[in-house]
Amino acid sequence: MQAHQLVALALALAALALLLLAGLVLARVAAVRRSERTLRHALDERAMQTAALAAAAAARGADGAQGASKAALRHVQPKGFKGLLERFAHTGIRWLDTPFGRQVVAEEDRRLLEQCGFVDTRTRGLFLVARLVGALVLPAVMGTLARGYLDGSRYVVLVVIAIVVGFMLPKIVLKRRASKRRLGVVDELPLLVDLLRLLQGVGLSLDQSLQVMVNDFRTMLPVLSSELEIAQRQFATGRTREQSLNRLASSYDNEDLRAVVRLLVQVDRHGGAVQEPLKQFGDRLRESRRAMLRERIGRLAVKMTGVMIITLLPALMIVTAGPGVLAVQHSLVAMHR
């Protein structure tokens with residue numbers, strides 16, 4: 001065997017070894033992600049069952065422990081439309097970890113669900129089923145309605161468009177809701193900082209401050225209070241403060257919100273006085289909002305200039321130049337006579 005053949009064989013064996021190592025690494029990463037999803041699903045299920053038991057116990061009192069467990073069981077396994085919805089959700093959950101499910105509910109879709117406040121696997125399963133149902137039902141309805149009016153290639157094009165629209169419609173709805181919630185986070189963040197500074201100033205702990213904001217200021221902080229409620233529920237089910245707040249810091253792509261979350265984590269871990277840092281942070285947020293409002297006003301003035309040119313300038317020209325034009329016209333008519 002010649003030298004160049006030996007070199008080629010060695011390179012081929014090295015490439016095969018690299019491919020085997022890459023396959024092992026990918027298999028390890030997939031196993032870690034699968035275990036993380038399984039743990040997250042188990043924690044979400046435990047939180048839902050705990051909340052159901054607590055609600056049933058509060059409604060029936062201390063003497064109705066057996067009735068509370070039955071109510072919780074009925075909550076977990078409802079009947080009718082809710083039961084059908086739960087079956088759809090469990091079907092979607094079983095499909096989530098498959099290659100088909102990862103294509104239908106991609107990472108971008110999971111991020112949108114988190115921004116909308118849907119963090120459990122049940123809502124992901126419902127989203128998967130909603131996309132599939134939309135891709136099947138809408139083409140059937142559109143095809144039935146257009147069967148007598150279109151035929152041939154136009155009918156096929158209509159069905160294909162209906163499939164695409166039905167598949168993308170749940171994502172479009174999610175994007176609109178997520179956009180509104182991102183704007184709500186920007187608007188509510190200064191108030192959150194001020195309330196947190198006030199509650200910390202009167203001697204409440206971090207957990208008590210967050211619980212007060214969740215319970216008593218839900219109307220003032222509709223988005224952030226729901227997010228803090230999710231974080232508190234995850235913290236109560238066994239996650240650390242950093243893990244429960246990490247989703248809030250990473251979901252909305254807001255640097256100010258990340259800074260607040262880092263501050264909360266540091267306070268929970270190390271303690272200390274945070275009134276002055278929160279005051280400075282709140283002042284900086286208000287200054288940034290003033291700058292943003294000035295920018296919006298400047299853009300609005302430019303836009304209104306175009307509107308005034310289109311609408312007011314013709315009327316102004318008619319009022320100012322109209323009598324002169326009429327007088328010249330009358331003079332020309334008189335000269336021709």
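The values are calculated or read from the model by the stated rules, or taken from the named source; none is laboratory data. All of these numbers come straight from a predicted model, not from anything done at the bench. Cβ sites come from the backbone with ideal geometry, for glycine too, and all protein chains shown count toward neighbours.
If you scan the range 243-275, which residues turn out to be in contact with a helix residue (DSSP H, G or I) (Cβ under 7 Å, 6 or more places away or on another chain) and not in a helix (DSSP H, G or I)?
Once the filter is applied, which keeps residues that are in contact with a helix residue (DSSP H, G or I) (Cβ under 7 Å, 6 or more places away or on another chain) and not in a helix (DSSP H, G or I), the range 243-275 yields TYR252, ASN254, VAL274.
Which condition number does MET220 fail, the rest of (1) in a loop (DSSP other than H, G, I, E, B); (2) free of Cβ contacts under 8 Å to residues at least 12 places away in the same chain being met?
(2)
Mind checking which residues of the range 251-272 are free of Cβ contacts under 8 Å to residues at least 12 places away in the same chain and at negative phi?
GLU255, ARG258, GLN266, HIS270
So which residues in the range 197-226 are under 24 Å from the mean Cα position of the chain (by Cα) and either under 16 Å from LYS279 (Cα atoms) or among the basic types (Lys, Arg) (or both), if there are any at all?
Listed by number, the list holds a single entry, ARG218.
Applying the selection to the range 136-152, what residues are outside any loop (DSSP other than H, G, I, E, B) and surrounded by fewer than 20 Cβ atoms within 10 Å (Cβ to Cβ)?
Result: LEU136, VAL137, LEU138, ALA140, VAL141, MET142, GLY143, THR144, LEU145.
To keep it simple, each residue is scored yes or no on (1) modelled with pLDDT of 85 or more; (2) under 20 Å from ARG110 (Cβ atoms).
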| position | (1), (2) |
| --- | --- |
| GLY201 | no, no |
| LEU206 | no, no |
| VAL212 | yes, no |
| ASN215 | yes, no |
| LEU224 | yes, no |
| GLY238 | no, no |
| ARG241 | no, no |
| ARG247 | no, yes |
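Report, by residue number, each residue of the range 201-217 that is within 16 Å of VAL185 (Cβ to Cβ) and assigned to a loop (DSSP other than H, G, I, E, B).
Matches in the range 201-217: PHE217 only.
Whether any residue in the range 81-100 is closer than 28 Å to TYR252 by Cα, among the hydroxyl-bearing types (Ser, Thr, Tyr) and not in a helix (DSSP H, G or I) is what I want to check.
Yes, the range 81-100 has at least one match.
Scan the range 205-225 residue by residue and report those that are under 19 Å from ARG262 (Cα atoms) and surrounded by fewer than 16 Cβ atoms within 10 Å (Cβ to Cβ).
The answer is SER205, ASP207, GLN208.
Would you call LEU198 without any contact (Cβ under 8 Å) to a residue 12 or more places away in the chain, assigned to a helix (DSSP H, G or I) and not charged (D, E, K, R)?
Against the criterion (without any contact (Cβ under 8 Å) to a residue 12 or more places away in the chain, assigned to a helix (DSSP H, G or I) and not charged (D, E, K, R)), LEU198 qualifies.
What is the residue count in the range 111-157 for residues that are within 20 Å of ARG247 (Cα to Cα) and either touching a Pro at 6+ places or on another chain (Cβ under 6 Å) or not aliphatic (A, V, I, L, M) (or both)?
Residues flagged as within 20 Å of ARG247 (Cα to Cα) and either touching a Pro at 6+ places or on another chain (Cβ under 6 Å) or not aliphatic (A, V, I, L, M) (or both) within the range 111-157 amount to 13.
With in a helix (DSSP H, G or I), touching a residue at least 12 places away in the same chain (Cβ under 8 Å) and either small (Gly, Ala, Ser) or surrounded by fewer than 16 Cβ atoms within 10 Å (Cβ to Cβ) (or both) as the only criterion, which of VAL173, VAL165 stands out?
VAL165
Looking for whichever is touching a residue at least 60 places away in the same chain (Cβ under 8 Å) and either part of a helix (DSSP H, G or I) or touching an Asp or Glu at 6+ places or on another chain (Cβ under 9 Å) (or both) here; the options are LEU312, LEU278. Which one fits?
LEU278
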